1. Out of everything in the stretch B:503-527 that is among the polar types (S, T, N, Q) and either away from chain A (no Cβ under 14 Å) or crowded, with 17+ Cβ neighbours inside 10 Å (or both), what residue ends up being nearest to the chain's Cα centre (by Cα)?
2. Kindly check whether there is at least one residue in the stretch A:32-48 that is within 8 Å of another protein chain (Cβ to nearest Cβ) and at pLDDT below 80.
3. Give me the pairs, please: first residue somewhere in the stretch B:599-617 and at positive phi, second residue anywhere and surrounded by fewer than 18 Cβ atoms within 10 Å (Cβ to Cβ), beta-carbon distance under 8 Å, and either six or more positions apart or on two chains.
4. Name the single residue, out of those in the stretch A:85-121 being among the polar types (S, T, N, Q) and part of a helix (DSSP H, G or I), that is nearest to B:Thr522 (Cα to Cα).
5. Among the residues of the stretch A:106-138, which ones are under 21 Å from B:Asp516 (Cβ atoms) and of a type outside the set (Phe, Trp, Tyr)?
6. Kindly indicate which of B:Val556, B:Val505 is in contact (Cβ under 8 Å) with a residue 24 or more places away in the chain and not in a helix (DSSP H, G or I).
7. Applying the selection to the stretch B:160-193, what residues are surrounded by 23 or more Cβ atoms within 10 Å (Cβ to Cβ) and farther than 22 Å from B:Gly289 by Cβ?
8. In the stretch B:337-371, what residues are within 14 Å of chain A (Cβ to nearest Cβ) and modelled with pLDDT under 80?
Amino acid sequence: MHRALFLLPLALFLVLAGYFALALRPGYDPQALPSAMIDKEAPQFDLAGLNGQGLALESLKGSPVLINFFASWCVPCRVEQPVLMRLANREHVPLYGIDYKDQPEDAAKLLAQFGDPYRRVGLDTDGSVGLNFGVYGVPETYVLDATGRIRKRFVGPLTAEEVDKELLPLLEALKKS
Amino acid sequence: MITELGHFALILALCVSLVQSVVPLLGAARGNLAWMAVGRNAALAQFALVALAMASLMHAYITNDFSVINVIENSHTDKPLLYQISGVWGNHEGSMILWVFMLGVCSAALALFSGNLPPDLRARVLAVQGMIGTGFLLFILLTSNPFLRTWPPAANGQGLNPVLQDPGLAFHPPFLYLGYVGFSVGFAFAVAALIEGRVDAAWARWVRPWTLASWCALTVGITMGSWWSYYTLGWGGWWFWDPVENASFMPWLVGTALIHSSIVVEKRDTLKSWTILLAIITFSLSLVGTFLVRSGVLTSVHAFATDPARGMFILLLLLVAIGGSLTLYAIRAPALKGGGLFAPISREGAIVLNNLILSCGCATVFLGTLYPLFLDAVGGPKLSVGFPFFNRTFAPLMVPVIVAVGIGPMLSWKRGDLLGALQRVWAAYIAAVLAVLVAWYCTHGGPILAVLGFGLAAWTGVAVIVEWAERVKLFRVGIGDSLRRAIHLPRAAYGMSLAHFGLAVSIVGFSASAFDIEAINTVHAGSVVQLAGYELRFVDVQRTPGPNFVANRATVEITRDGRLVGVVHPEQRFFALQQQTTSETAIRTNFLADLYVALGDGDQAGNWTLRAWWKPLVPWIWIGAITMAFGGMVSLSDRRWRVGVAARARRMAPVLQPAAGD
C-alpha cells in the first residue's frame, strides 16, 4: 500500500500522456468548431429576462432572428459592441441577447454604459442554455430562421466584414424564403 | 558558410551531449574517476557549441541572409536591429535554439561551480543534464531545424509578427526560458539523488540556490509578459488565463513550493521524498508547457505555428523524461526515510500547508487549462473554461496561503506556539481589519474577494515587518543594538522578508483591479471624456510614419480641475507587410494609479473610439512581483551558499542506505 502510493504520480502522468496522444491524432483541430447544430432545431429555452421580460425560443419564431451570447466579464464582447449597435440601430436586425454565466446587475451596468443593442436579454446565469447550444466561448452569435432552426454560427466577435459579406445577405435570403 | 558552421556546431553538440549523458553515468556506477570527469568537460564543450550555433543564427538574422528559410519567414530588412535580434527567438525553431542555449548555460555553470560536489553526484547530475540536452537537440535537428536553406534566396523576408515587435517582449523569452530550463538543474539533482538513494541536508543546500535562481528568472519573465500584455493588447488586462500564460504559471507555483520545502530538507532533514517529487514535477511542468505551446493541442492567442509531428516528438520526450524519472521515483523514493518529526503547528507545518495549497492551486490551473482537451477526448462538447472558472477556484484557494505567509516565519521549527505567534502579530491583525473596513467603506460593498484581498495584503505586509522587528528586537533593546542586529541579520532572512512583502504589494495590485473605472467613447477633435476626476480632451490624430509601420497618433490632453496634468499619445500602428494593426497604449502613472488610454478604430468622418481606464494601484502588481524576484536574489547572495558549508555538512552527514532489496 505504502509503495503503491509512490506509483501514483507515474500512473497519473501516464493517463495524462494518453490524453495528449489522443489530442495528437490526425484530424483533431482545437480551432475547428463542430457544426453539428447547423440546420437543426435550436435547443429549447425559456429564460428570465433582464428587464422583467423573459426570453423563450417559442416567442422568437415567425421571423429570422439573431441570438448573441455575451457576458460582462468578456473583453472581446466589447470589441463587438459597436458592430451590434450598428446592426440594431441602422440595419434594424432583430437581435436578442443571452447573458452567459454572468450576474444580472453586472450585465445591466454594462448595457447602461455602452448602449443596449438587444430587443430583449435572457439570463443564462448557470450557463446551461449556452451548454445546449455548444457555446465554446463568448461572444458567439447564432442566426435562427423563422422556424427556429440554427442556420449559422459566428464564433468570436462579429466583424463589420462578416456582417456585410455573410450575415446581412443570409438574413435577406432567410426573409425571402 | 557561417550558417553551415552553426548547423555543424549543433550536430556536434548532439554528439557531445550523448557522451555527456553516458560516460559520466557509467563512471559513477563503476567508480572510475576519469570517466566521471568527462561530464565537466563535455558540459563546457556543449555550451561552447550551442553558443556558436546561436551566434551563427543571430548572424544570419542581422545580415539578412534570405537564403535561410527561418530568416525569410521571420525577418525583414526594414526591421529595427533590436527586433532582428529578438526575432531569433520570436519563432518556434529559434526559440528552441534559445532553449538549448539556456540549458548549455546552466550545465556550464553547474560544471564550473560544482567543484565541491562529491564526484559521483556531480557526474550523475551532469549526465542527466546531458540527457535533457540530447533530447532537445534531437528534437531541433529532426523536426525544427532553423539552419535549412532554400535556393534561390528570397528577395526579402516576411517580417516578424508586429505584436512581438516590442522591447518588453524582446527580453521576455530569455528570462522565461532561463527559468524553465533552470529547473532542469533541480530535476537533475533529484534524479541523481534517486539513483544514489541518498538525500540529505547537504543535497538540499546544493539544490536550493539553483532552484531559487531559476525561480527568480521565471518570476521576472512572467512579470515582463504580464506587463507586456497590459500595455500592448490595449484592453487594460494583465492576466488572461491563456493556456500559454498558464504554462509558465504552473512551474512557477510548484517551483515556489519547491524552494520552501527544500528549506525543510536542509534544516530539518525531513520531507525528502516530497521535495524530490516537487523537483521532478516543476521541471516536468516546464516540459508539458513546451508541449502544450508547440503541439497545437490547445487554442491560444500566442501559440507558435504548430505541427503534429513536433507534438509527437515532444510527447515521446515527455514519456522518457517524466515517465522515466517518475518510475525511478516509484522504485527508489519509498526507501528515503525522513529524519525530524514535527507537530502540525510548527514552521514545517506552515510550509507543508503552503506546499499543499500551492500544489492544489497548480492542479486547478492545470485542470482549467486542459479541460477542453480532456472533454474532447471523451467525446464531450468543445468547451473552454474562462476567467470565471479561474477567478472562482484559484483565487479563494490562495487565501490560506497568504494567511500562512504572515504567520509561518514566526513559528519555530519542530513545535510552534500558534497563540504566541498570533499575539506577536497583533499589529498585523489590526491592520488587516482596518484595511478591510476602509476598503469596504470606500466601495460600499465592492467585490468581496477584492476587499478581502486588501485585508490579506495588509496582514502579510505588516506581519513581515513585525517579524523583522522581532528579529532585531526593535524598541526592546537600544536603537544601536537593534541597528547592529539588523546589519548582522543574514541576507537570506532579508530575502525572505522582501519576497513576502513583494507578495503583499502584488496582492494589493490584484485586488484593486476590481475598482477600475472605464470610459469607452466615440470621440472627435475637441471631445472631452470624464474619467475618475480627470478630463481627457481629444485633440487630434496625425498620421506618422515609423520604421516599418504607419501610425495613427492621437493627442490627448489630461487635465484635472482645469490644470494640465499631461499630454499622451496613444497610437494605432498599421504594418503594411503583415496587413496587421497593433495598438500602442499611452499610460500615465503616478505609481498609485494608471491612466490608460488606447486608440480604437476611426471612421471617415473623423470619429474615433477612445478607450480609457483609471486603474488604481495597478503598477503595484509588477512592483511587487519584481520585489519578490529581488528578494530571491538577495537570499541568493547569502554567504552560506558560497562558502564550503555544504561540502562540510555532507562529510559529516550520515549516509542513508537504500532499503534492502533495492
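The values are calculated or read from the model by the stated rules, or taken from the named source; none is laboratory data. In this text the structure is predicted, and so the values were computed from the model without any measurement. Virtual Cβ from ideal backbone geometry, glycine too; neighbours counted across all protein chains shown.
1. Taking the stretch B:503-527 first, the residues among the polar types (S, T, N, Q) are B:506, B:511, B:513, B:521-522, B:527.
If we keep only those that are either away from chain A (no Cβ under 14 Å) or crowded, with 17+ Cβ neighbours inside 10 Å (or both) as well, we get B:506, B:511, B:513, B:521, B:527.
Details: B:Ser506: 15, B:Ser511: 21, B:Ser513: 22, B:Asn521: 36, B:Ser527: 42 Å.
Once the filter is applied, the top-ranked residue is B:Ser506.
2. Narrowing the stretch A:32-48 to residues within 8 Å of another protein chain (Cβ to nearest Cβ): A:33-34.
Add one more test, that the residue is at pLDDT below 80, and what stays is A:33-34.
Yes - at least one qualifying residue is present in the stretch A:32-48.
3. B:Gly606/B:His524; B:Gly606/B:Ala525; B:Leu617/B:Leu592
4. A:Gln113
5. Of the residues in the stretch A:106-138, the ones under 21 Å from B:Asp516 (Cβ atoms) are A:106-115, A:138.
Listed by number, the residues that qualify are A:Asp106, A:Ala107, A:Ala108, A:Lys109, A:Leu110, A:Leu111, A:Ala112, A:Gln113, A:Gly115, A:Val138.
6. Values: B:Val505 fails: not in a helix (DSSP H, G or I).
Only one candidate passes the filter, namely B:Val556.
7. B:Leu160, B:Gln165, B:Ala192, B:Ala193
8. Looking only at the stretch B:337-371, we keep the residues that are within 14 Å of chain A (Cβ to nearest Cβ), and these are B:337-338, B:359, B:362-363, B:366-371.
Across the stretch B:337-371, the qualifying residues are B:Lys337, B:Gly338.
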